[in-house]
Structure formats: C-alpha cells, structure tokens
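Pasting in a structure now, in structure tokens, and then I'll have a few things to ask.
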Amino acid sequence: MTVPLPPVALPRFTLATLPTPLVQARRLERVLGGRLLVKRDDLTGFGAAGNKARQLEYLVGAAVAEQRDVLVTGGGPGSNFCPAAAGAARAAGMECTLVVYGDPPAVLPPNLALARACGARLRFTGAGRDLVDAAIEQEAQRLAAEGRRPVAVPRGGSSPVGAVGFAAAATEVVAQLEALRVEPAVIVVATGSGGTQAGLLAGLAGCGKDWRVVGVSVSRPLPEITSRVWELTQACAAILQRPPPSRDRVELVDARRPEAQARAIRRRRLALETEGLLLDETYTARSFAVAADLLATTDGTVVFWHTGGLVPALTALTGRLPH
Ligand SMILES: *Cc1c(COP(=O)(O)O)cnc(C)c1O
C-alpha cells in the first residue's frame with residue numbers, strides 16, 4: 001500500500017482533473033516491441049496546461065493561502081508555463097504579470113498570445129534567458145512597492161513547492177500501476193527546468209519506490225540540469241517530510257543535439273500515425289524517442305510520461321501536412 005503524498009496540510013488550488021489516464025499503447029508496442037504505458041498528462045484538463053497544471057495547483061494554492069493578488073512569473077517566448085500560469089491566476093482571481101526574455105516580437109507566438117488572452121501583462125526583458133528569474137523577482141519587488149501583494153514564481157514553476165505537484169503525481173501513478181500489478185522498468189519524462197522530474201523522484205521515494213526515472217533534457221547541459229534536479233528533489237522531499245531518493249536515482253540524457261531533434265520528429269509522426277497521439281517537437285517528441293529506444297533495450301514495462309505541450313504541437317503541424 002502506498003502512503004498518500006503530499007501531507008494534507010499543504011494548500012492546494014484545484015485545477016486539474018485527476019487522475020489522468022494511464023493507457024497501454026498497443027499499436028506502438030506492435031511497431032516498437034515491448035510493453036508501453038502512456039501517462040496522459042496532456043489530459044490534465046485545465047486549458048492547455050499539460051503537466052504544468054500539477055505544479056500550479058500548489059503554487060497557486062500557496063498564493064491564495066497568503067492572499068496574494070498578482071502572480072509574477074515568466075519564461076521564454078515559447079514557454080508552456082506562461083499561458084498555464086496566466087489561466088491559473090485568473091481561475092484563482094489573481095492578476096498575472098509575465099516576464100519574457102528577449103525583445104517584444106512583431107507577432108506574439110501562440111503561447112504568449114494565449115497568455116495575453118487570459119489577461120496577463122507581458123514584460124520583455126530585452127536580455128537573455130539566464131536573467132529571467134532575477135527579472136521576475138525585480139518585477140515582484142516593483143509591484144510590492146506599489147502596494148500590491150505579488151508572488152514571484154520561478155520560470156517553469158520549478159520551485160520545491162511546485163515540484164510537490166509531481167510528488168502527488170507519483171502517488172497517483174504508483175496506485176495506477178499497483179492496480180495493474182505492474183512494476184515498471186523505467187519511467188521516461190521530458191525535463192526542462194527540472195521540477196517535474198524532481199517531484200516525481202521525491203514522490204516515488206516517499207512512496208518507498210526506487211523505480212528508475214530517466215529525464216530527457218531538452219534545454220540544459222547534463223551537469224547543470226543534473227545538479228538542479230537533485231537540489232529540487234531534496235528540497236521537495238524536505239517539504240514532504242520523507243527521505244529523498246539516493247543521488248544516483250537522478251538520471252538524465254541529453255536530447256539537445258540536432259540528431260536527437262531529427263529522430264524526435266520521426267517518432268512524433270509515428271505516434272500520430274499509429275495511436276493518434278499528439279506530441280510537440282520541443283519536449284514530448286524527444287522524450288518519446290528516448291522511451292522508444294528504452295523499449296528496444298529494456299526488459300519490462302516502459303512508462304512514457306506525456307507532459308503536454310499541446311499548443312506548440314498543434315502550431316508545428318499547421319501547414320506541414322502534405323494535403
Ligand atoms: C514544462 C514542460 C516539461 C518539463 O517540465 P520541467 O518541470 O520544466 O522540467 C515537459 N514537457 C512539457 C510539454 C512542458 O511544457
């Protein structure tokens with residue numbers, strides 16, 4: 001039996017419809033071999049938020065408990081977190097300011113357009129990606145000086161509290177796999193800012209499972225993302241008041257090379273043509289390509305965690321099909 005995580009005392013603002021389905025992908029199994037289960041976090045059921053709905057339940061929950069009135073966060077122009085945060089802030093009756101790196105584009109990319117349509121204010125830093133989290137803090141301080149009650153959330157929602165959303169997701173998948181009597185060989189998840197993987201690792205450890213989790217790094221070099229995921233895992237476990245996993249559970253592969261991208265695009269087509277499963281090019285097609293490799297080389301069940309990315313997935317298709 002699994003012990004429920006997180007502790008009930010943690011404030012939570014419901015956004016997602018849970019549990020998300022865990023489904024066997026029989027047609028992909030026929031092509032790729034092995035046993036493949038897909039955790040459908042593209043179906044979390046809040047806007048197009050995908051996995052980000054889980055982090056936001058705890059981030060917004062904390063903000064509501066502290067009576068904050070404006071959520072300040074941000075990311076890149078293609079960030080899936082930005083529109084998810086904008087919608088979640090609205091659902092909780094808060095305003096939202098998004099700090100986006102780079103200069104204002106002539107045409108808003110779809111994710112930013114969606115965020116703005118949710119009423120978010122956009123601020124462009126004119127600077128590079130690394131300065132975004134500092135700019136988010138500055139914007140929050142500016143708003144506080146105006147008498148507002150802002151809450152600053154790091155990009156991607158990857159704070160220890162945000163990661164708790166994925167610790168809860170770990171409990172969810174443990175219950176689903178136990179019901180199926182399946183002990184997975186590996187869980188594969190796309191990793192950007194690290195909170196998703198960290199929460200999963202902390203949650204699995206909290207449930208007493210030392211299952212293998214492979215994070216597929218789409219934006220950061222391995223040394224940087226590995227230490228980041230490890231730090232977030234420990235901080236999340238501390239909130240949960242459970243022991244963290246051992247350091248060697250933090251396993252990542254680099255999917256930033258152009259070859260990885262080319263393979264991902266082929267896998268993306270395969271997923272659509274066999275299962276009608278929609279993947280995006282940045283995150284889920286790359287993590288799915290790694291899951292497909294692991295199916296070929298691993299005995300036992302591979303769980304592919306579909307983290308969403310619906311808006312860019314649809315946008316990338318526009319005009320590309322040969323009819
Ligand atoms: C944000 C995101 C991830 C990765 O989540 P992190 O917590 O930032 O590592 C994976 N897949 C999709 C589609 C995302 O939007």
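The values are calculated or read from the model by the stated rules, or taken from the named source; none is laboratory data. Values in this document were obtained by computation on a predicted structure and should not be read as measured data. Methodologically, a virtual Cβ is constructed for each residue, glycine included, from the backbone with ideal geometry; neighbour enumeration extends over all protein chains shown.
Every residue in the range 176-197 that is near the ligand (Cβ under 6 Å from one of its atoms) and assigned to a strand (DSSP E or B), please.
Ala190, Thr191
Conditions tested, residue by residue: (1) among the polar types (S, T, N, Q); (2) modelled with pLDDT under 95; (3) outside the structural domain of Ala291 (by TED's automatic domain parsing); (4) under 25 Å from Ala271 (Cβ atoms).
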{"position": "Met1", "(1), (2), (3), (4)": "no, yes, yes, no"}
{"position": "Asp42", "(1), (2), (3), (4)": "no, no, no, yes"}
{"position": "Glu66", "(1), (2), (3), (4)": "no, no, yes, no"}
{"position": "Thr73", "(1), (2), (3), (4)": "yes, no, yes, no"}
{"position": "Phe81", "(1), (2), (3), (4)": "no, no, yes, yes"}
{"position": "Arg90", "(1), (2), (3), (4)": "no, no, yes, no"}
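Here's a follow-up. If a residue must be among the hydrophobic types (A, V, I, L, M, F, W, C) and more than 13 Å from Val153 (Cβ to Cβ), how many such residues does the range 65-96 contain? Full working, then the answer.
Pass one, the range 65-96, residues among the hydrophobic types (A, V, I, L, M, F, W, C): 65, 70-72, 81-82, 84-86, 88-89, 91-92, 94, 96.
Narrowing the set further to residues that are more than 13 Å from Val153 (Cβ to Cβ) leaves 65, 91.
Count: 2.
Given the criteria away from the ligand (no atom under 13 Å from the Cβ), more than 19 Å from the chain's Cα centre (by Cα) and of a type outside the set (Gly, Ala, Ser), does Leu294 qualify?
yes
Which condition breaks for Val164 when tested against (1) away from the ligand (no atom under 16 Å from the Cβ); (2) more than 28 Å from Gly34 (Cβ to Cβ)?
Every listed condition holds for Val164 apart from (1).
Table: residues versus (1) out of contact with any helix residue (DSSP H, G or I) (no Cβ under 8 Å at 6 or more places or on another chain); (2) more than 30 Å from Ala145 (Cα to Cα); (3) in a helix (DSSP H, G or I).
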| site | (1), (2), (3) |
| --- | --- |
| Thr20 | no, yes, no |
| Val31 | no, yes, yes |
| Lys39 | no, yes, no |
| Gly45 | no, yes, no |
| Ala49 | no, yes, no |
| Gln55 | no, no, yes |
| Tyr58 | no, no, yes |
| Gly61 | yes, no, yes |
| Val72 | no, no, no |
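Taking the range 275-291, which residues are surrounded by 24 or more Cβ atoms within 10 Å (Cβ to Cβ) and of a type in the set (A, V, I, L, M)?
Hits for the range 275-291 are Leu279, Ala285, Ala289, Val290, Ala291.
Which ones in the range 215-272 are surrounded by 22 or more Cβ atoms within 10 Å (Cβ to Cβ), within 14 Å of the ligand (Cβ to nearest atom) and basic (Lys, Arg)?
Scanning the range 215-272 gives a single hit, Arg268.
Let me ask something additional. Across the range 226-268, which residue is farthest from Gly33 (Cα to Cα) among those that are out of contact with any helix residue (DSSP H, G or I) (no Cβ under 9 Å at 6 or more places or on another chain) and assigned to a helix (DSSP H, G or I)?
So, considering only residues that are out of contact with any helix residue (DSSP H, G or I) (no Cβ under 9 Å at 6 or more places or on another chain) and assigned to a helix (DSSP H, G or I), the one farthest from Gly33 (Cα to Cα) is Ser227.
For Glu273, which of the numbered conditions (1) modelled with pLDDT of 95 or more; (2) part of a helix (DSSP H, G or I); (3) farther than 25 Å from Val23 by Cα fails to hold?
So Glu273 meets the others, but not (3).
Could you tell me whether any residue of the range 124-134 is buried (at least 17 other Cβ atoms within 10 Å of the Cβ), of a type outside the set (D, E, K, R) and within 19 Å of Val60 (Cβ to Cβ)?
Keep residues of the range 124-134 that are buried (at least 17 other Cβ atoms within 10 Å of the Cβ), which gives 124-125, 132-133.
From what is left, the residues that are of a type outside the set (D, E, K, R) are 124-125, 132.
Going one step further and asking which of them are within 19 Å of Val60 (Cβ to Cβ), we end up with none.
No, the range 124-134 has no match at all.
Among the listed residues Gly194, Gly199, which satisfies the condition of being within 14 Å of the chain's Cα centre (by Cα) and on the phi > 0 side of the Ramachandran plot?
Just one listed residue meets the conditions, Gly194.
Show me the strands (runs of 3 or more DSSP E) entirely contained within the range 90-175 in which 3 or more residues are in contact with a Lys or Arg (Cβ under 8 Å, 6 or more places away or on another chain) and within 26 Å of Leu314 (Cβ to Cβ).
So the answer is 95-100.
A further question follows. So, Ala53, is that one crowded, with 18+ Cβ neighbours inside 10 Å and within 14 Å of the chain's Cα centre (by Cα) or not?
yes
Exactly one condition in (1) within 14 Å of the ligand (Cβ to nearest atom); (2) over 24 Å from Ser193 (Cβ atoms); (3) among the basic types (Lys, Arg) is not met by Arg155; state its number.
Against the list (1) within 14 Å of the ligand (Cβ to nearest atom); (2) over 24 Å from Ser193 (Cβ atoms); (3) among the basic types (Lys, Arg), Arg155 comes up short only on (2).
Restricting the range 198-211 to residues that are in a loop (DSSP other than H, G, I, E, B) and not charged (D, E, K, R), which is nearest to Asp248 (Cα to Cα)? Lay out the reasoning, then the answer.
Initial filter on the range 198-211 (in a loop (DSSP other than H, G, I, E, B)): 207-211.
Subsequent filtering for residues that are not charged (D, E, K, R) retains 207-208, 211.
Details: Cys207: 17, Gly208: 16, Trp211: 11 Å.
Of everything passing the filter in the range 198-211, Trp211 is nearest to Asp248 (Cα to Cα).
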